[in-house]
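J.: Below is the structure I would like to discuss, written out as structure tokens.
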Protein chains: 2
Amino acid sequence: MEKIDEHKAFGGWQRRYTHKSEVCNCTMTFALYLPPLADTRRVPVVYWLSGLTCTDENFVNKAGAQRVAAELGIAIVAPDTSPRGDDVADEDSYDMGKGAGFYVNATEAPWASHYQMYDYVTSELPALLADEFGTTLDLSREAISGHSMGGHGALVVGLRNVDRFAAISAFSPICAPSEVPWGHKALPKYLGDNRDAWLEYDATAIMGRASNGESLPPILIEQGLDDGFYEEQLHPHRLEEAADQVGAQVEVRRREGYDHSYFFIASFMEDHLRFLAKHLGV
Amino acid sequence: MEKIDEHKAFGGWQRRYTHKSEVCNCTMTFALYLPPLADTRRVPVVYWLSGLTCTDENFVNKAGAQRVAAELGIAIVAPDTSPRGDDVADEDSYDMGKGAGFYVNATEAPWASHYQMYDYVTSELPALLADEFGTTLDLSREAISGHSMGGHGALVVGLRNVDRFAAISAFSPICAPSEVPWGHKALPKYLGDNRDAWLEYDATAIMGRASNGESLPPILIEQGLDDGFYEEQLHPHRLEEAADQVGAQVEVRRREGYDHSYFFIASFMEDHLRFLAKHLGV
């Protein structure tokens, strides 16, 4: 692992690292914000999963999260959104291939050899963090958030690992990818035509199969009503319906006038970090 | 004038406009943040001048200012850093030409026909704002801030218009451009070899000529001590010396570990907006 950038921010450190990923079979980059409290105590971890076209940098530059993370004493880990490199398969579109890993483990050629973002985010990256930052990060206290494709990722990762994540937050998430155009494009390519495989990465489907909704992590979703993707791609009502059926706790806050941008995310970032912090016992 | 972008942010609106500039003889772009209070009342204006290589967008995306501006009820106007367009003179370097207007009125060829950023910022843009937003912005209450080259701009604009600006803030400003390499490169090209012309755009020189330092706007400067440009280019001690001689109020806050980046700016943006707001009577 190599530190490639660092900036002091709100008394803590915004850093950027590269490392060789076994599961993605390429060099991966992630961002880490360490609050001032990490100098003297192990701090809980919030993962942030970004959306289509993003790298590890968009959130770090635009979300305004460091201020609140510094105050609360929370670290934030922001991975890249896909494998990278010249030998990594790609498509000439923004919603498939590089920048569009959808946080799945691909099973189909030519994607399977690198696109293993689910295992990267849930296993390899946390293990690396434990090895490298074991005295700084308290990896027994984890929560997860994300935006759009990364909101889908946060919901899926959190709902498939309910004993691990204290709470889940998402901004404008793709709540039912197997039912919308983004998913209809990416899921067959990454996972093949068997719809059952898609449902392993569909938060609404995972929620619908839950045997005990009350045991799931609490979920907070922020959704702008002037988001151009809201009607066609995001479908938070589908997750709400599934949550109602199983008795899970999902709050969707619909916001007049807000769109799909980081201006929307920044506007409500503090609320979401405080929500996650509360459930992390901060 | 044309609105080319808008996003709801912290209850207000982050907008972007283009217009034909007479003084710069090209199409110019600026950003405007309107706080929620602007819906019901005229709000004071803070100008933000950006640094080398920036456009109107860097501050808007990275500084995290909208949250505080929304709370305080302040509008923020962020112009571009130079004239733009295919017929605008340029050099193949980051610190001269496009993105590097230095907020001067150029007198030398080939720069003089477009590079009139001092007049643009002090006259044309405020007049446009008064015409277009007269019922929204209270242009009798102005303050100014900026970063690096834009910190220089904020100091010069504020100190040459002491009856207009309630207070001046600057992050990592070039405090004595006639004495440092950035100025030694840009000022002769824009203004010719007459050093007296440079001193019209040198905050330390302007401060040194003040007849009554106590009548100058209060100045707050933030400076990171790990800023790679600090020793060679910025020289806040020169402005402090001049301020001491004339009895002006300049506070320079030197911050351990902070660099020249927007992470530094974001870390102290709230302090600076509260400082400006206090002197704006907010």
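J.: Quick one: in the stretch A:141-167, which of the residues that are farther than 20 Å from A:Val60 by Cα and not in a helix (DSSP H, G or I) is most open to solvent (accessible area, probe 1.4 Å)?
T.: A:Asp163
J.: Kindly check whether there is at least one residue in the stretch A:87-94 that is within 14 Å of A:Ala186 (Cβ to Cβ) and touching a Ser or Thr at 6+ places or on another chain (Cβ under 7 Å).
T.: At the first step, the residues of the stretch A:87-94 found to be within 14 Å of A:Ala186 (Cβ to Cβ) are A:89-91, A:93-94.
From what's left, touching a Ser or Thr at 6+ places or on another chain (Cβ under 7 Å): A:94.
Within the stretch A:87-94, one or more residues are within 14 Å of A:Ala186 (Cβ to Cβ) and touching a Ser or Thr at 6+ places or on another chain (Cβ under 7 Å).
J.: Checking the condition in contact with a strand residue (DSSP E or B) (Cβ under 7 Å, 6 or more places away or on another chain), open to solvent by 20 Å² or more (accessible area, probe 1.4 Å) and either away from chain B (no Cβ under 14 Å) or polar (S, T, N, Q) (or both), which residue from A:Val246, A:Val282 passes?
T.: That would be A:Val282, the only listed residue that is in contact with a strand residue (DSSP E or B) (Cβ under 7 Å, 6 or more places away or on another chain), open to solvent by 20 Å² or more (accessible area, probe 1.4 Å) and either away from chain B (no Cβ under 14 Å) or polar (S, T, N, Q) (or both).
J.: A follow-up question, please. For B:Ser172, all conditions in the list (1) within 14 Å of chain A (Cβ to nearest Cβ); (2) free of Cβ contacts under 8 Å to residues at least 40 places away in the same chain hold save one; what is the number of the exception?
T.: Looking at each condition in turn, B:Ser172 falls short on (2).
J.: Keeping to the stretch A:113-128, report how many residues are more than 16 Å from the chain's Cα centre (by Cα) and of a type outside the set (S, T, N, Q).
T.: Of the residues in that region, 3 qualify.
J.: A further question on this structure: What is the residue count in the stretch B:19-48 for residues that are open to solvent by 20 Å² or more (accessible area, probe 1.4 Å) and either assigned to a loop (DSSP other than H, G, I, E, B) or over 13 Å from B:Ser82 (Cβ atoms) (or both)?
T.: 10
J.: Kindly provide the set of residues from the stretch B:129-155 that are aliphatic (A, V, I, L, M), under 9 Å from the mean Cα position of the chain (by Cα) and either modelled with pLDDT under 95 or closer than 18 Å to B:Pro217 by Cα (or both), ordered by number.
T.: Correct list: B:Ile144, B:Ala154, B:Leu155.
J.: Mind telling me which of the residues A:Arg274, A:Arg253, A:Arg238 ends up being assigned to a helix (DSSP H, G or I) and either more than 20 Å from A:Asn212 (Cα to Cα) or polar (S, T, N, Q) (or both)?
T.: Numbers: A:Arg253 fails: assigned to a helix (DSSP H, G or I); A:Arg238 fails: either more than 20 Å from A:Asn212 (Cα to Cα) or polar (S, T, N, Q) (or both).
Answer to the check: A:Arg274.
J.: Considering the stretch B:113-140 alone, what residues qualify as being part of a strand (DSSP E or B) and surrounded by fewer than 21 Cβ atoms within 10 Å (Cβ to Cβ)?
T.: B:Asp138, B:Leu139, B:Ser140
J.: Before we move on, is A:Glu231 away from chain B (no Cβ under 14 Å) and either more than 19 Å from A:His279 (Cα to Cα) or surrounded by fewer than 17 Cβ atoms within 10 Å (Cβ to Cβ) (or both)?
T.: Details: away from chain B (no Cβ under 14 Å): yes; either more than 19 Å from A:His279 (Cα to Cα) or surrounded by fewer than 17 Cβ atoms within 10 Å (Cβ to Cβ) (or both): yes.
It is true that A:Glu231 is away from chain B (no Cβ under 14 Å) and either more than 19 Å from A:His279 (Cα to Cα) or surrounded by fewer than 17 Cβ atoms within 10 Å (Cβ to Cβ) (or both).
J.: Looking at this structure, is A:Gln14 among the polar types (S, T, N, Q), part of a strand (DSSP E or B) and within 12 Å of another protein chain (Cβ to nearest Cβ)?
T.: In short, yes.
J.: Assigned to a loop (DSSP other than H, G, I, E, B), more than 14 Å from every other protein chain (Cβ to nearest Cβ) and within 16 Å of the chain's Cα centre (by Cα): which single residue out of A:Pro83, A:Pro110 fits that description?
T.: A:Pro83
J.: Look through the stretch A:211-224, keep the residues that are assigned to a loop (DSSP other than H, G, I, E, B) and at pLDDT below 95, and return whichever of them is most open to solvent (accessible area, probe 1.4 Å).
T.: A:Ser211
Matching residues to (1) within 14 Å of chain B (Cβ to nearest Cβ); (2) without any contact (Cβ under 8 Å) to a residue 24 or more places away in the chain; (3) under 25 Å from A:Asp119 (Cβ atoms):
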site: A:Lys185; (1), (2), (3): no, no, yes
site: A:Leu191; (1), (2), (3): no, no, yes
site: A:Trp198; (1), (2), (3): no, yes, yes
site: A:Asp202; (1), (2), (3): no, no, yes
site: A:Pro217; (1), (2), (3): no, no, yes
site: A:Leu225; (1), (2), (3): yes, no, no
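J.: Against the definition (over 19 Å from B:Trp48 (Cβ atoms), open to solvent by less than 20 Å² (accessible area, probe 1.4 Å) and touching a helix residue (DSSP H, G or I) at 6+ places or on another chain (Cβ under 8 Å)), how does B:Ala100 come out, yes or no?
T.: Spelling it out, it is not the case that B:Ala100 is over 19 Å from B:Trp48 (Cβ atoms), open to solvent by less than 20 Å² (accessible area, probe 1.4 Å) and touching a helix residue (DSSP H, G or I) at 6+ places or on another chain (Cβ under 8 Å).
J.: Within the stretch B:256-269, is even one residue open to solvent by 60 Å² or more (accessible area, probe 1.4 Å) and within 14 Å of chain A (Cβ to nearest Cβ)?
T.: Among the residues of the stretch B:256-269, at least one is open to solvent by 60 Å² or more (accessible area, probe 1.4 Å) and within 14 Å of chain A (Cβ to nearest Cβ), which makes the answer yes.
J.: Looking at the stretch A:49-70, is at least one residue surrounded by 23 or more Cβ atoms within 10 Å (Cβ to Cβ), within 12 Å of chain B (Cβ to nearest Cβ) and in a strand (DSSP E or B)?
T.: Within the stretch A:49-70 (the criterion being surrounded by 23 or more Cβ atoms within 10 Å (Cβ to Cβ), within 12 Å of chain B (Cβ to nearest Cβ) and in a strand (DSSP E or B)), the answer is no, since none of the residues qualifies.
J.: In the stretch A:3-40, which residues are hydroxyl-bearing (Ser, Thr, Tyr) and more than 30 Å from A:Ser113 (Cβ to Cβ)?
T.: Step one: filter the stretch A:3-40 for residues hydroxyl-bearing (Ser, Thr, Tyr), giving A:17-18, A:21, A:27, A:29, A:33, A:40.
Within the stretch A:3-40, A:Tyr33, A:Thr40 qualify.
J.: Test each condition in (1) hydroxyl-bearing (Ser, Thr, Tyr); (2) open to solvent by 20 Å² or more (accessible area, probe 1.4 Å); (3) closer than 21 Å to A:Lys185 by Cα for A:Ser82 and report the one that comes out false.
T.: Unmet condition: (2).
The values are calculated or read from the model by the stated rules, or taken from the named source; none is laboratory data. Being a predicted model, the structure only gives us computed values, none of them experimental. When we count neighbours, we look across all protein chains shown, and the Cβ atoms used for this are built from the backbone with ideal geometry, even at glycine. Surface areas here come from the heavy atoms of the whole protein model, side chains and all, with no ligands, DNA or RNA. Shrake-Rupley method; radii C 1.70, N 1.55, O 1.52, S 1.80 Å.
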